[in-house]
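> Next up is a structure, given as structure tokens.
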Amino acid sequence: MKKVIAALLTISLILVCLYFGLRPQPEPVAEVTGLIDAPTLDDIHTDDGQTIVGISMPDRLLERWNKDGSYLRAQFEKKGCKVLLRYANNLIDTQIDDIVDMIREGADLLVIAAVDGSALTEVLDLAKSANVPIIAYDRLIMDSDVVDYYVSFDNYKVGVLQAQYIIRILDLAHSEKPKHIEFVTGDPVDNNARYFYNGAMDTIKPYLDSQKLISLSGQVNFYETATAQWSTDIAQQRLQIILNSYYPENVTLDAVLCANDSTALGAVRALESDYTQKNPVAVTGQDGDIANIYNIINGTQGMTVFKALREESVVTVALGLALLDGKRPAEDLIAASDWDFKCSYNTTDYDNGKKLVASYLLEPITITADNIEHQLFDTGYYRRNSAGLIYAAK
Ligand code: GAL
């Protein structure tokens with residue numbers, strides 16, 4: 001009997017191997033190394049005369065990109081454009097495929113928030129070969145001489161604001177004994193993360209150098225404090241390890257400088273679960289995500305840097321329509337607008353490795369428990385529904 005079973009198993013194993021051996025292997029994902037033919041005009045299927053705008057966003061995981069996509073789509077559609085909106089799940093290859101697809105579908109303009117700002121060089125050459133203007137949205141696209149414009153916030157200033165908050169709230173200018181800080185930086189492939197880090201470090205470095213501020217973990221440089229994909233879980237786990245390794249019962253932690261709200265959420269969770277001293281810890285963030293708005297109101301997060309995404313989309317749409325109209329705007333785009341918010345035009349500071357990219361920059365603002373009602377609710381950016389729950393209103 002055993003011999004029969006062994007024989008049957010052997011035959012099934014042979015059949016399985018034959019199946020997988022003979023099954024046509026899935027086509028390897030074509031790398032954008034020239035293997036994708038540049039779409040010729042007859043490849044491109046445009047609707048009869050309708051302007052097509054391709055919008056490529058990094059992911060839906062972070063609250064803000066869903067808002068960005070909605071704001072941009074609504075405003076371009078309101079102007080009669082057909083909008084192709086794609087989210088890349090934070091996957092570089094998916095974003096490249098999304099962009100190729102949108103070119104093939106006839107996009108007349110591309111608005112791209114890069115997953116990895118250094119990975120789009122070749123696919124953007126493809127866009128240029130199809131004469132499609134390109135706006136780098138929120139994150140500077142690097143290593144490409146065909147990026148036409150960059151629209152974002154002053155991201156270096158985001159880091160400065162975070163550091164200034166910590167310097168103020170810890171009263172470092174007057175504190176006698178050293179305070180302790182840990183750093184949670186952003187996704188290392190996100191070009192903005194470096195701007196945030198540099199702004200914060202340039203501002204806080206004098207206090208690290210003078211030992212008025214000490215990181216007991218010793219983790220201060222960009223890569224050892226980075227958080228892949230801005231992940232809340234990764235930030236939480238890393239901080240839990242630091243708390244359990246460097247902050248025993250009698251050692252206090254005074255601040256955690258987090259680059260954005262998703263990582264700040266992880267930091268607050270780590271402090272709740274693994275920090276026993278229970279002194280207030282100053283936690284910074286960025287984006288004004290709803291969960292973090294609650295945490296600022298309840299005191300577990302000290303501040304966030306708010307960036308009015310609707311205003312970022314208003315500038316982007318105005319710029320996009322000007323490009324579609326064959327114009328190459330500069331300050332005149334701002335001068336001709338009726339915007340009730342500050343926007344600056346910059347042609348000197350955003351070198352993407354191939355060119356200085358003409359940029360429109362909006363102003364980030366510090367939000368704390370002291371000004372949150374005035375800055376976010378009185379202005380209508382956020383509202384409370386009849387149950388008192390907070391939602392982003394514009
Ligand atoms: C950055 C963006 C920030 C924030 C972060 C992820 O590129 O500028 O506003 O969204 O990604 O939270």
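> Once you have the Cα-Cα distance between Asn298 and Arg104, take 0.36 nm times their residue separation minus that, and quote the gain in nm to one decimal. Kindly include the intermediate steps, with their values, before the conclusion.
On the way: separation 194, 0.36 × 194 = 69.84 nm, distance 4.91 nm.
This chain segment gains 64.9 nm when fully extended.
> For Ser175 and Arg328, what is the calculated FRET efficiency with R₀ set at 45 Å and r taken between the beta-carbons, to the nearest 0.05? Please list the in-between numbers first.
Details: r = 51 Å, r/R0 = 1.14.
For R0 = 45 Å, the calculated efficiency reads 0.30.
> Another question about this same structure. A 18 angstrom limit on the alpha carbon distance is what I want to check against. Which of Lys157/Lys307; Lys128/Lys355; Lys179/Lys212; Lys82/Lys327; Lys67/Lys394 exceed it? Walk me through the numbers on the way to the answer.
On the way: Lys157/Lys307 11 Å; Lys128/Lys355 15 Å; Lys179/Lys212 6 Å; Lys82/Lys327 20 Å; Lys67/Lys394 9 Å.
Too far apart for the 18 Å limit: Lys82/Lys327.
> Counting only complete DSSP H runs, which helices of the chain cover 24 Å or more along their long axis at the Cα atoms and score a mean Kyte-Doolittle of 0.0 or above? Walk me through the numbers before you get to the answer.
Details: long enough: 2-22 (30 Å, 2.03); 191-209 (26 Å, -0.84).
Helices meeting the criterion: 2-22.
> Over 21 Å, how big is the tail of the calculated P(r) for the stretch 155-286, in percent of all Cα pairs? List each step's numbers first, then the result.
On the way: 2774 of 8646 pairs.
The calculated P(r) of the stretch 155-286 puts 32 percent of pairs beyond 21 Å.
> What spacing in nm lies between the two simple spin-label points modelled at Ser129 and Ala336, each 7 Å away from Cα in the Cβ direction?
So the two model labels end up 3.3 nm from each other.
> If you don't mind, there's one more thing I want to ask. Mind checking the per residue accessible area of the stretch 155-286 for me, 1.4 Å probe, whole number of Å²? List each step's numbers first, then the result.
Values: 5380 Å² over 132 residues.
So the stretch 155-286 comes to 41 Å² accessible per residue, rounded to a whole number.
> For a quick check, take a GNM of the chain with Cα springs below 10 Å and name the residue from Pro188, Pro280, Pro364 with the largest mean-square fluctuation.
In this elastic network of the chain, the residue with the biggest mean-square fluctuation among Pro188, Pro280, Pro364 is Pro280.
> Ala393 versus Glu373, label points 7 Å from Cα toward the beta carbon: distance in nm?
The answer from the label model is 1.5 nm.
> With a cut-off of 8 Å between alpha carbons and a minimum separation of six or more residues, what is the relative contact order of the stretch 141-277 in percent? The partial results should precede the final answer.
Numbers: 198 pairs, mean separation 41.2, N = 137.
Value for the stretch 141-277: 30 percent.
> Then there's this: Within the stretch 155-286, what whole-number % of the accessible surface is contributed by carbon and sulfur, with the 1.4 Å probe and all protein chains included in the calculation?
Values: 2880 of 5380 Å².
C and S atoms contribute 54 percent here.
> Moving on to the next point. Using a Gaussian network model of the chain with C-alpha springs under 10 Å, which one of Gly285, Gly159, Gly106 is most mobile by mean-square fluctuation?
Greatest mean-square fluctuation among the candidates belongs to Gly106.
> Here's another thing I want to ask about it. One quarter of the convex hull surface, Cα atoms only: what value does that give for the chain in nm²?
28.3
> Write out the GluC sites (Glu not before Pro) in the stretch 194-278 meeting two conditions: DSSP loop, and at most 16 other Cβ atoms within 10 Å of their Cβ.
Numbers: sites: Glu224, Glu249, Glu272; in loops: Glu249.
Those satisfying the criteria are Glu249.
> Report the label-to-label distance for Tyr345 and Lys79 in nanometres (one decimal), using points 7 Å from each Cα along the Cα→Cβ vector.
Going from the Tyr345 label point to the Lys79 one covers 1.6 nm.
> Most fluctuating residue of Leu170, Leu140, Leu72 in a GNM of the chain with Cα springs under 10 Å: which is it?
Looking only at Leu170, Leu140, Leu72, the biggest GNM fluctuation is shown by Leu170.
The values are calculated or read from the model by the stated rules, or taken from the named source; none is laboratory data. Everything numeric in this text was worked out from a predicted model, so none of it was measured. No Cβ is skipped: glycine too gets one built from the backbone with ideal geometry, and neighbour counts run over all protein chains shown. To get the accessible areas, we keep the full protein, side chains included, count just its heavy atoms, and leave off ligands, DNA and RNA. Shrake-Rupley method; radii C 1.70, N 1.55, O 1.52, S 1.80 Å.
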